[in-house]
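What follows is a single structure, written as structure tokens, with notes after it.
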Amino acid sequence: MQLVALVAVLGTAGFFLARTHTVTVVDDGAARQVRSYAWTVGGVLRQAGVRLGPHDTVSPHPDDMVGGRIVVGRGRPVTLTLDGRRSRRWVTARSVDGLLATLGLAHRPVRVSGPADGAIGRDGAAVEVRTRKRLTLVSDGHRTTVSTYAATVRDLIAERHLKLGTSDETEPAAGHTLAGVPTVSVFRVTRRTATETVTVKAPLKTEKRSDWMLDQQGVVDDGRNGERREKVEYIYRDGKKYQRKVLSSTTVVTAKPRVVAKGTTPYPADDTGLNWSALAQCESGGNPQRVSADGQFMGLYQFSADTWQRMGGIGLPSEATAREQTYRAIQLYKRSGKGQWPVCGAKL
């Protein structure tokens, strides 16, 4: 019986050993061998007692089938200042060199300040990185090609020992990062104030009139321009006028709106059945702006100003649309017949 029991135990152990496999788990750089019967990455880590935090990483994915190696990265909070731009991020790099590799800066010339030993512990670190830049500096009429590790425009100005007056400006602004900036310009700024009277153009106001035809329009009130007294500041960059700023203003004369009325009534259909195009061709060559040599007759149908206005037209016929001119010609025909066009009336 003892022999049978021993065989049974050995058989069970052999079966277990046959079903398990050895996996190398690298946890934050430290490797150990784990014997497990789990076949997913997550299962192996659970059996090995490896717990993942919210910022940790694991490769392969926990749901993947396990291979011979699992790598766990532990998240570290890093306050990173990269060329003057500060951010807080979680990384799994255990050293500043690893962080640079993560940022794609491993093989670029940089200047770094951070932990003295270059290690980033689990409690994190503060790291400042400045990349080398090549740009053009424009100042006091000179253009200079500069190679610098300065992080911001302000750093570059200090590095080049440039003195800025209280009104002087830079472009980009002093606090702007130099990363990706091709040119930095320094402007010597002067200011001058003045009091000026300016014209305020009369605003345009449109009125709709149902007693006018659809495209009929005219000025009802010419309005009046206004005046405003302004205290202004002129800003000069390197001696050239750059900007005019209004510091304060006072209305001297209030502008009066210019009022333009527009008709809204659609044109009725032409029920005469006559050839108005032929009449217009004969009278004016089909030109709506045609004016006779003596200035008395105008438009497609050579209206006189008096006849035009008696037919309800506004202004001069040569200023109206072709559609309105035809509408007024139809009205004139219905009132007085084709005799109003003693020569060309026969074309109708």
With respect to G165, determine if the residue is over 31 Å from the mean Cα position of the chain (by Cα) and not hydroxyl-bearing (S, T, Y). yes
Could you tell me whether any residue of the range 125-134 is of a type in the set (S, T, Y), touching a residue at least 24 places away in the same chain (Cβ under 8 Å), part of a strand (DSSP E or B) and within 30 Å of R191 (Cβ to Cβ)? no
Scanning the range 150-175 residue by residue, the ones that are surrounded by fewer than 17 Cβ atoms within 10 Å (Cβ to Cβ) and either assigned by TED's automatic domain parsing to the domain that holds V112 or farther than 25 Å from Y242 by Cα (or both) total 4
Any residue at all in the range 326-336 that is part of a loop (DSSP other than H, G, I, E, B) and surrounded by 14 or more Cβ atoms within 10 Å (Cβ to Cβ)? no
For the condition modelled with pLDDT under 95, surrounded by 15 or more Cβ atoms within 10 Å (Cβ to Cβ) and not acidic (D, E), what is the one hit in L300, L348? L348
Inspect the range 41-48 for any residue being of a type in the set (K, R) and at pLDDT 95 or above and give the result as yes or no. yes
Residues of the range 204-223 that turn out to be surrounded by 13 or more Cβ atoms within 10 Å (Cβ to Cβ) and either touching a His at 6+ places or on another chain (Cβ under 8 Å) or not hydrophobic (A, V, I, L, M, F, W, C) (or both), as a count: 8
Find all pairs meeting these conditions: Cβ atoms under 6 angstrom apart; at least six residues apart or on different chains; first residue within the range 84-104 and on the phi > 0 side of the Ramachandran plot; second residue surrounded by 15 or more Cβ atoms within 10 Å (Cβ to Cβ). G84/A151; G84/T152; G84/T177
Considering V78, V138, V91, which residue is more than 26 Å from D56 (Cα to Cα) and among the hydrophobic types (A, V, I, L, M, F, W, C)? V138
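The values are calculated or read from the model by the stated rules, or taken from the named source; none is laboratory data. Treat the numbers as computed from the prediction; the structure is a model and nothing was measured. Positions of Cβ are generated from backbone atoms using ideal geometry, with glycine treated the same way; all protein chains shown enter the neighbour counts.
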